[in-house]
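Shown next, in structure tokens, is the structure this report addresses.
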Amino acid sequence: MKTGRIIKSLSGVYRVDVEGEMYDTKPRGLFRKNKFSPIVGDVVDFEVENITEGYIQYVHDRKNELKRPLVSNVDHLILVMSAVEPDFSTQLLDRFLVIAHSYHMRPRILITKRDLASVETQQKVTQLLNIYENMGYKTQFISIDDDIEPVFAAWGEGLVVLSGQSGVGKSTLLNKYFPELNIETQHISKALNRGRHTTTHIELFERSHGYIADTPGFSALDFTHIQKDELKNYFMEINECGEKCKFRDCNHINEPKCNVKNELENGNIAQFRYDHYLQLFNEIANRKERY
């Protein structure tokens, strides 16, 4: 019996890394019977059938699990946005942040294409990143020609997942760090202002002190697992200020003696963040009513 981590899944075959040795494995029928499938990132025990193949017997408990992209045991979630092409959107970023927090992950924010942005856009993005840093997020704002080593090194040890919409430069980053991979990249669709999907499956690549995942770009964000009353927990500063509201079940909308509203009026919560909270709250509320 050997133990390793699934680094790739394709057509029911799971490639497992055991200290640099690769095995193509298949799960035993027991998994199908229990309607449970291993996923990329899982730590598994498997029986070796021959030099390069085996059968998965056991999947270790997952410390966390992302649904889109489907990957487990994530140590660092990097939300990748671009300054331009597609333009930086705090609304989209806040939605990614909500998803990250709903899966109990503390994400980092990485903005690319600094060199393609005007001076005015660079200043605007930097000002917005300062707001997120004051909330407690770690941020990076990089150019295509920047040395990629310190960017990756700042993320620390373990499994890193890059998430973000298509066209923001995830594959370009990986190509700079792993030139031998030659991951396909595509130009931005001018009509849609977003990239076409270039990554069709999830794969982990070994980096110093861990792995990094190349994942498909998102075309939509799924909030179906989030209840409207939970949403306030996933906006860090709203959650913190909400502890001083008079009513514990305050959703910071029309309730009396709401500390979040007070902090908003005093400028201690960014208006755009509250607007995004309110918009998403209403979306979730309307979805629940409709169903």
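Out of (1) open to solvent by less than 40 Å² (accessible area, probe 1.4 Å); (2) assigned to a helix (DSSP H, G or I); (3) in contact with a Cys (Cβ under 9 Å, 6 or more places away or on another chain), what's the single condition that is false for CYS250?
That leaves (2) as the condition not met.
For LYS67, indicate whether it is under 21 Å from SER166 (Cβ atoms), among the charged types (D, E, K, R) and buried (at least 20 other Cβ atoms within 10 Å of the Cβ).
So LYS67 does not fit the description; no.
Write out, first by first residue and then by second, each pair whose Cβ atoms fall under 9 Å of each other, whose residues are 6+ apart or on separate chains, and whose first residue, in segment 141-157, is at positive phi and touching a residue at least 40 places away in the same chain (Cβ under 8 Å) while the second is acidic (Asp, Glu) and part of a loop (DSSP other than H, G, I, E, B).
From segment 141-157, the pairs are GLY156/ASP75.
Could you name every one of the helices (runs of 4 or more DSSP H) located completely within segment 94-212 that has at least 1 residues being of a type in the set (Val, Ile, Thr) and at pLDDT below 95?
So the answer is 148-153, 170-177.
Picking from ARG5, ARG114, which residue would you name as being among the basic types (Lys, Arg), in contact with a Ser or Thr (Cβ under 9 Å, 6 or more places away or on another chain) and within 30 Å of LYS176 (Cα to Cα)? Reasoning before the result, please.
Values: ARG5 fails: in contact with a Ser or Thr (Cβ under 9 Å, 6 or more places away or on another chain).
Checking each option against the conditions leaves just ARG114.
Sort out which residues of segment 222-242 are closer than 27 Å to LEU70 by Cβ and open to solvent by less than 20 Å² (accessible area, probe 1.4 Å), and write them in order of number.
PHE223, ILE226, LEU231, PHE235
Among the residues of segment 270-291, count how many are modelled with pLDDT under 95 and assigned to a loop (DSSP other than H, G, I, E, B).
1
Can you pull out every residue in segment 74-93 that is part of a loop (DSSP other than H, G, I, E, B) and buried (at least 22 other Cβ atoms within 10 Å of the Cβ)?
Those that are part of a loop (DSSP other than H, G, I, E, B) and buried (at least 22 other Cβ atoms within 10 Å of the Cβ): VAL74, ALA83.
The values are calculated or read from the model by the stated rules, or taken from the named source; none is laboratory data. Please read these numbers as outputs of a predicted model, since none were measured by experiment. Cβ coordinates were reconstructed from backbone atoms using ideal geometry, including for glycine residues, and neighbour counts include every protein chain displayed. The area values use the complete protein model at the heavy-atom level, side chains included, leaving out ligands, DNA and RNA. Shrake-Rupley method; radii C 1.70, N 1.55, O 1.52, S 1.80 Å.
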